[in-house]
1. Kindly provide the set of residues from segment 42-64 that are small (Gly, Ala, Ser) and open to solvent by less than 50 Å² (accessible area, probe 1.4 Å), ordered by number.
2. On the basis of being modelled with pLDDT of 90 or more, hydroxyl-bearing (Ser, Thr, Tyr) and open to solvent by less than 30 Å² (accessible area, probe 1.4 Å), does TYR143 make the cut?
3. Inspect all residues belonging to segment 174-196 and state whether any of them is among the aliphatic types (A, V, I, L, M), assigned to a loop (DSSP other than H, G, I, E, B), closer than 21 Å to THR121 by Cα and open to solvent by 20 Å² or more (accessible area, probe 1.4 Å).
4. For ARG27, indicate whether it is open to solvent by 40 Å² or more (accessible area, probe 1.4 Å) and within 23 Å of VAL130 (Cα to Cα).
5. Over 30 Å from GLU30 (Cβ atoms) and either open to solvent by 10 Å² or more (accessible area, probe 1.4 Å) or under 16 Å from the mean Cα position of the chain (by Cα) (or both): which single residue out of ARG67, ARG95 fits that description?
6. Within segment 39-50, track down each residue that is under 17 Å from the mean Cα position of the chain (by Cα) and assigned to a helix (DSSP H, G or I).
7. Among what's in segment 1-24 and is open to solvent by 20 Å² or more (accessible area, probe 1.4 Å) and in a helix (DSSP H, G or I), pick the residue that is nearest to ALA68 (Cα to Cα).
8. Collect the residues in segment 24-34 that are free of Cβ contacts under 8 Å to residues at least 40 places away in the same chain and β-branched (Val, Ile, Thr), keeping them in residue-number order.
Amino acid sequence: MPIMRAALFVTCVNDALYPRTGIAVVRLLERLGVAVDFPAAQSCCGQPQYNTGYRYEAEPLVRRTARAFAGHEYVVTPSGSCAAMIREHYPRIGRKAAEEGRGGELAEAAASLAPRVYELTEFLVDVLGVTDVGAYFPHTVTYHPSCHGLRGLGLGDRPRRLLAAVKGLDLVDLPGAEECCGFGGTFAVKNPDVSTAMGADKIRAAAGTGAQVLCGADNSCLAHLDGLLRRADSPLRALHLAEILAATEEEPLP
């Protein structure tokens with residue numbers, strides 16, 4: 001019997017471009033005894049709008065997200081940036097709306113949802129209390145901590161502890177790991193030359209480790225890095241941590 005229920009917030013990037021990550025999260029959580037719900041009303045969290053200065057345009061997405069996950073004690077997402085958007089910025093959006101005399105409904109919705117949202121590695125380590133999830137991945141891996149997870153959520157060593165417990169996985173340190181990869185959402189669009197230079201530094205460091213896989217916990221950053229790797233004809237590939245943790249000897253990663 002499942003030990004608890006959790007709702008998956010897959011995020012729009014994963015839904016549109018990386019559905020395998022969402023599938024991996026469900027596969028992983030169900031293996032650990034968690035019954036996973038998927039509220040169909042979920043959509044974008046509003047991060048692109050908010051980061052570009054369109055706070056009012058983000059407000060309907062705050063309301064929609066809060067309604068979609070109402071009644072779920074745990075909301076799990078394989079995206080540090082979207083988790084940080086909900087936990088850090090939803091309450092700010094709500095407070096600003098109240099300060100502008102537009103009522104407290106938005107602030108109440110944000111305050112209700114924010115504490116129930118967990119990035120995947122937080123949920124595994126802090127809520128389920130596991131680091132060994134029974135995974136098997138016989139490859140050399142280096143881990144890039146994305147900025148939102150590292151600085152916004154304070155994930156610390158949770159992802160590395162999970163990776164270190166994977167059978168067959170050889171985890172190697174990434175030089176300059178805490179440096180930004182240069183993606184930064186709309187930053188990459190507004191400042192493409194700077195973004196590309198930062199990403200080039202990151203993939204150079206990753207390639208120098210001899211790893212086969214560059215792992216991360218946020219597919220937006222990995223999309224940026226994997227694009228640069230492919231343009232450089234590098235054999236190194238980017239892969240979301242959830243897909244590694246979902247792999248087992250009986251059901252390896254496709």
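1. Taking segment 42-64 first, the residues small (Gly, Ala, Ser) are 43, 46, 53, 58.
SER43, GLY46, ALA58, listed by residue number.
2. On the way: modelled with pLDDT of 90 or more: yes; hydroxyl-bearing (Ser, Thr, Tyr): yes; open to solvent by less than 30 Å² (accessible area, probe 1.4 Å): yes.
Against the criterion (modelled with pLDDT of 90 or more, hydroxyl-bearing (Ser, Thr, Tyr) and open to solvent by less than 30 Å² (accessible area, probe 1.4 Å)), TYR143 qualifies.
3. Looking only at segment 174-196, we keep the residues that are among the aliphatic types (A, V, I, L, M), and these are 174, 177, 188-189, 194.
Next, from what is left, pick out any that are assigned to a loop (DSSP other than H, G, I, E, B): 174, 177.
Add one more test, that the residue is closer than 21 Å to THR121 by Cα, and what stays is 174, 177.
Then keep just the ones that are open to solvent by 20 Å² or more (accessible area, probe 1.4 Å); that gives 177.
Yes, segment 174-196 contains at least one residue that is among the aliphatic types (A, V, I, L, M), assigned to a loop (DSSP other than H, G, I, E, B), closer than 21 Å to THR121 by Cα and open to solvent by 20 Å² or more (accessible area, probe 1.4 Å).
4. On the way: open to solvent by 40 Å² or more (accessible area, probe 1.4 Å): yes; within 23 Å of VAL130 (Cα to Cα): yes.
So ARG27 fits the description; yes.
5. Numbers: ARG67 fails: over 30 Å from GLU30 (Cβ atoms).
After applying the criteria, what remains is ARG95.
6. Initially, segment 39-50 is screened for residues under 17 Å from the mean Cα position of the chain (by Cα), giving 42-48.
Scanning segment 39-50 gives GLN47, PRO48.
7. Restricting attention to segment 1-24, the residues satisfying the condition of being open to solvent by 20 Å² or more (accessible area, probe 1.4 Å) are 1-5, 12-13, 15-20, 23.
With in a helix (DSSP H, G or I) added as a condition, the list becomes 12-13, 15-17, 19-20, 23.
On the way: CYS12: 14, VAL13: 18, ASP15: 16, ALA16: 19, LEU17: 21, PRO19: 20, ARG20: 22, ILE23: 19 Å.
The selected residue is CYS12.
8. Pass one, segment 24-34, residues free of Cβ contacts under 8 Å to residues at least 40 places away in the same chain: 26, 30, 33.
The one that is free of Cβ contacts under 8 Å to residues at least 40 places away in the same chain and β-branched (Val, Ile, Thr): VAL26.
The values are calculated or read from the model by the stated rules, or taken from the named source; none is laboratory data. These numbers come from a predicted model, not from an experiment. Cβ sites come from the backbone with ideal geometry, for glycine too, and all protein chains shown count toward neighbours. Calculation scope for accessible area: heavy atoms of the full protein, side chains included, ligands and nucleic acids excluded. Shrake-Rupley method; radii C 1.70, N 1.55, O 1.52, S 1.80 Å.
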